[in-house]
Amino acid sequence: MSGRKVKWEEMFPDEMAQAIEEHPLLYLPYGMCEPHGHHNALGLDGIKCYEICVRAAQEGGGVVAPLNMWHIGEQGVGIPWLARQNAPQPYITALGYELFAQSMVWHLRAAVARGFRAVIAMTGHYGGTECDMRSVASVFNDYVPLPVWALADWECIGYRQYKGDHAGPCETSQLWALRPDLVDVSRIPPHEDGERIFASDLQPGQASRLEGERIVRSQTDNLIDGGNRLLERAPAELVDPGPEGARAICADLMSRDIEWVYQMDPARHREYWSAEGEGGKHRQGTIERNGRMG
Ligand SMILES: [Zn+2]
């Protein structure tokens, strides 16, 4: 299926109908512009995620929704994080978490309304946003049993020890493989080891385009496999809740007592991601499963 058209916004209606008929899986890619060192384009998170989805869909079938680059940032745990990054003007495309969460409800509703039977919602911007996306999917599933795999892209890496980072050897290599025009390691200025400059501590020589290819290969394999399994368990019929239904789900979502991970105070967030915390246990489990969907 390589070379096939998979980008929603570039399809003619007959191509879209055929793609959904053949493999009714929708990829929802998310990211956010934010500092990623002097050597990576600001949109690394979203572009990486989008290009991985495009490769997976070209090979395994399905459609990729338009990339959403407005994400949860500059709030909650993002504030102390940013303060440590040595990036005075961070060029972030942030959105309040309540708006992002409700947008995602509408994206899932659109998937059902357009005839998709399963969704892979993947974010390249992580550190808690992936957990919040799973909370959204879980509430949506109380209304519509649409199979949804919500994840951060690092969670489907099954190659060596890589498990994501921020503008370090993993992410830089991924973008280098996917969009070589958007990585320029010659832009890394001389600096002390470990000193954060524009939110990266990457040292020259640590990233590799070839390693990036291998990381991405493992991700596309896992996404294709995961998507097939989601479709196998899709119910015979999914009922579109309609725009009014989407609004009602949003209202319910915001009224629930959800612990939004990206909004945690720093102490609670540290506890959450510790080896004993919920997030830490989940992270460890994900790594043990070698990036495969649980
Ligand atoms: Zn990133």
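The values are calculated or read from the model by the stated rules, or taken from the named source; none is laboratory data. Given the structure is predicted, the values throughout are model-derived calculations rather than measurements. We place every Cβ from the backbone using ideal geometry, glycine too, and count neighbours over all the protein chains shown.
Just one of (1) away from the ligand (no atom under 16 Å from the Cβ); (2) more than 18 Å from Gln219 (Cα to Cα) fails for Leu26. It is (2).
Going through segment 198-216 one residue at a time, which ones are in a loop (DSSP other than H, G, I, E, B) and among the small types (Gly, Ala, Ser)? Correct list: Ala199, Ser200, Gly205, Ala207, Ser208. Among the residues of segment 253-267, which ones are exposed (fewer than 14 other Cβ atoms within 10 Å of the Cβ) and out of contact with any Pro (no Cβ under 9 Å at 6 or more places or on another chain)? Selection gives Met254, Ser255, Arg256, Asp257, Glu259, Asp265, Ala267. Counting only residues that are surrounded by 24 or more Cβ atoms within 10 Å (Cβ to Cβ) and among the aliphatic types (A, V, I, L, M), which one in segment 123-139 is farthest from the ligand (Cβ to nearest atom)? In this case the residue turns out to be Val136.
Just to be sure, is Leu44 more than 16 Å from the ligand (Cβ to nearest atom), surrounded by 24 or more Cβ atoms within 10 Å (Cβ to Cβ) and touching a residue at least 60 places away in the same chain (Cβ under 8 Å)? Spelling it out, it is not the case that Leu44 is more than 16 Å from the ligand (Cβ to nearest atom), surrounded by 24 or more Cβ atoms within 10 Å (Cβ to Cβ) and touching a residue at least 60 places away in the same chain (Cβ under 8 Å). Note on segment 144-157: residues that are part of a loop (DSSP other than H, G, I, E, B) and buried (at least 18 other Cβ atoms within 10 Å of the Cβ) amount to 4.
Could you tell me whether any residue of segment 102-113 is modelled with pLDDT of 95 or more and within 16 Å of the ligand (Cβ to nearest atom)?
no
Filtered by the rule that a residue be in a loop (DSSP other than H, G, I, E, B) and not small (Gly, Ala, Ser), segment 264-280 gives Met264, Asp265, Glu276. One residue alone among Pro190, Pro180, Pro145 is away from the ligand (no atom under 13 Å from the Cβ) and over 22 Å from Leu42 (Cα atoms), and that residue is Pro145.
May I ask you to verify whether Arg247 is more than 16 Å from the ligand (Cβ to nearest atom), more than 27 Å from Glu51 (Cα to Cα), basic (Lys, Arg) and surrounded by fewer than 20 Cβ atoms within 10 Å (Cβ to Cβ)? So Arg247 passes the test.
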